[in-house]
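To start, the structure under review is shown below, and the notes come after it.
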């Protein structure tokens, strides 16, 4: 066990678990630490239901291609907590925080907190601010953990840009039971006098943001589909806003939704006022990397265990909106190169499995449902299989991805080698990357 993980395990056992949305605890802790959040580089603050991690990945790839020093804070991690913090190592380069520095920051946050109530995410956020304040960089990319208004990252008073990606139903118990209520929570990261970039969303969601921007005197507001557009044309990504048109390569990340995420990232950079050359946008789109988001696994233990010639894909999307975009991406692959599609799926009990599985009806040959060993809040395979069946899919529970791959190899006949999508949870995705021997780098 690493030194940082030993501290995290102790903190997780001592302090409140789960979500308790308030800013009081993190504000108290940061004050005790000397307010490191006021000493970090300018911040791109990113919220949203789906796409915020991919948008951050595009931002990092483009800004680093321009030679900037970039810190990044994302969550959750896949295999190691250290993945949450990338620190700039020089112009255009960065790396996951090394364990000694991470453990030191965690220990300082723990000591400053004393015995006061605190959540693990708040302690992690405070440690991240310490790391970012004490390491030189040009910008920070800061991803919201949950919601926005009361998320512990929302202590930044003057973000360079507030960025909001696609919004759909998720975490309804904490954020509200309509997309408009959820949008209001996300809009909490908007600050007076600062620009806002909103991905393409429905009219009712746009109206929520327009109202909040007026109320807090923020802006300008740049709305996707209205003030900027991003679309595919002749195998290229075309981005256009009031400042002109960019003719760019298609993103390295698969799926039509990634064109919108890339467009949102480009709009955010242009709204920030940073002078980024066109070549950096091109290089960023071609080199962007974001594990477990329609990631093709090409080698490793699980790939070897799959039937010969299989395509093995991994995606951590876990709500109905994610189900729609991932199913759409699989349909596009089917149009280009038909293969029988099988799902290996695990999900948390806080998610809507019927909503996630529904878009795959008519597209998937069979679903194997699996547990998520690292989570106490995962659906058991049996009721998850029942949910898939209720959504119109053929499904069966199994003990894990290894058994699913074994059954595929032993009990199924294919006209072509199968396409296998492991999906439903970032926690499952992390387990899979560890089992496969291909953790994020």
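Details
- When residues of the range 393-416 are limited to those that are in a loop (DSSP other than H, G, I, E, B) and at pLDDT 95 or above, the one nearest to residue 298 (Cα to Cα): 400
- Qualifying helices (runs of 4 or more DSSP H) (wholly inside the range 1-71; at least 2 residues being under 30 Å from residue 237 (Cβ atoms) and touching a strand residue (DSSP E or B) at 6+ places or on another chain (Cβ under 9 Å)): 52-65
- Which numbered condition residue 140 misses (of (1) touching a strand residue (DSSP E or B) at 6+ places or on another chain (Cβ under 9 Å); (2) more than 26 Å from residue 68 (Cα to Cα)): (2)
- Of the residues 134, 110, 116, 158, the single one that is within 16 Å of residue 47 (Cα to Cα) and surrounded by fewer than 22 Cβ atoms within 10 Å (Cβ to Cβ) is 158.
- From the list 359, 439, the lone residue that is in contact with a helix residue (DSSP H, G or I) (Cβ under 7 Å, 6 or more places away or on another chain) and closer than 16 Å to residue 294 by Cβ is 359.
Okay, residues lined up against (1) touching a residue at least 60 places away in the same chain (Cβ under 8 Å); (2) within 28 Å of the chain's Cα centre (by Cα); (3) buried (at least 16 other Cβ atoms within 10 Å of the Cβ); (4) farther than 20 Å from residue 351 by Cα:
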{"residue": "400", "(1), (2), (3), (4)": "no, yes, yes, no"}
{"residue": "405", "(1), (2), (3), (4)": "yes, yes, yes, yes"}
{"residue": "409", "(1), (2), (3), (4)": "yes, no, no, yes"}
{"residue": "423", "(1), (2), (3), (4)": "yes, yes, yes, no"}
{"residue": "433", "(1), (2), (3), (4)": "yes, yes, yes, yes"}
{"residue": "438", "(1), (2), (3), (4)": "yes, yes, yes, yes"}
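Conditions (1) within 22 Å of residue 283 (Cβ to Cβ); (2) within 20 Å of the chain's Cα centre (by Cα), marked per residue:
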{"residue": "199", "(1), (2)": "no, yes"}
{"residue": "209", "(1), (2)": "no, no"}
{"residue": "221", "(1), (2)": "no, no"}
{"residue": "224", "(1), (2)": "no, yes"}
{"residue": "248", "(1), (2)": "yes, no"}
{"residue": "252", "(1), (2)": "yes, yes"}
{"residue": "257", "(1), (2)": "yes, yes"}
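- Taken as a whole, the condition of being surrounded by fewer than 21 Cβ atoms within 10 Å (Cβ to Cβ) and within 26 Å of the chain's Cα centre (by Cα) applies to residue 377.
- Residue under evaluation residue 82, criteria (1) touching a strand residue (DSSP E or B) at 6+ places or on another chain (Cβ under 8 Å); (2) within 25 Å of residue 427 (Cβ to Cβ); (3) in a loop (DSSP other than H, G, I, E, B), criterion not met: (3)
- Residue selected from the range 276-299 under the condition part of a helix (DSSP H, G or I) and surrounded by fewer than 24 Cβ atoms within 10 Å (Cβ to Cβ), by the criterion nearest to the chain's Cα centre (by Cα): 287
- Hits in the range 226-237 (condition: surrounded by 15 or more Cβ atoms within 10 Å (Cβ to Cβ) and farther than 15 Å from residue 163 by Cβ): 229, 237
- Matching option when the condition is surrounded by fewer than 24 Cβ atoms within 10 Å (Cβ to Cβ), more than 16 Å from the chain's Cα centre (by Cα) and under 21 Å from residue 159 (Cα atoms), among 14, 5, 68: 68
- Of all residues in the range 301-327, none satisfies the criterion of being closer than 22 Å to residue 356 by Cα, modelled with pLDDT of 95 or more, out of contact with any helix residue (DSSP H, G or I) (no Cβ under 6 Å at 6 or more places or on another chain) and in a loop (DSSP other than H, G, I, E, B).
- If you check 354, 380, 395, 429 for being within 16 Å of residue 318 (Cβ to Cβ) and without any contact (Cβ under 8 Å) to a residue 40 or more places away in the chain, only one passes: 354.
- Top-ranked residue in the range 259-275 [being more than 21 Å from the chain's Cα centre (by Cα) and closer than 16 Å to residue 230 by Cβ; ranked as surrounded by the most Cβ atoms within 10 Å (Cβ to Cβ)]: 271
- Some residue of the range 238-250 being surrounded by 18 or more Cβ atoms within 10 Å (Cβ to Cβ), in contact with a strand residue (DSSP E or B) (Cβ under 6 Å, 6 or more places away or on another chain) and not in a strand (DSSP E or B): no
- The numbered conditions (1) surrounded by fewer than 23 Cβ atoms within 10 Å (Cβ to Cβ); (2) touching a strand residue (DSSP E or B) at 6+ places or on another chain (Cβ under 8 Å); (3) touching a residue at least 40 places away in the same chain (Cβ under 8 Å) are all true for residue 95 except (3).
Conditions (1) within 30 Å of residue 248 (Cβ to Cβ); (2) modelled with pLDDT of 95 or more, marked per residue:
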{"site": "287", "(1), (2)": "yes, yes"}
{"site": "296", "(1), (2)": "yes, yes"}
{"site": "299", "(1), (2)": "yes, yes"}
{"site": "342", "(1), (2)": "no, yes"}
{"site": "346", "(1), (2)": "no, yes"}
{"site": "358", "(1), (2)": "no, yes"}
{"site": "373", "(1), (2)": "no, no"}
{"site": "380", "(1), (2)": "no, yes"}
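- Among the residues of the range 321-339, the one identified as buried (at least 19 other Cβ atoms within 10 Å of the Cβ) and over 25 Å from residue 49 (Cα atoms) is 339.
- Residues that are within 22 Å of the chain's Cα centre (by Cα) and either crowded, with 24+ Cβ neighbours inside 10 Å or part of a loop (DSSP other than H, G, I, E, B) (or both) within the range 344-369 comprise 344, 345, 346, 347, 349, 350, 351, 352, 353, 356, 357, 360, listed in sequence order.
The values are calculated or read from the model by the stated rules, or taken from the named source; none is laboratory data. Values in this document were obtained by computation on a predicted structure and should not be read as measured data. Note that each Cβ is placed from the backbone with ideal geometry, even for glycine, and that neighbours are counted across all protein chains shown.
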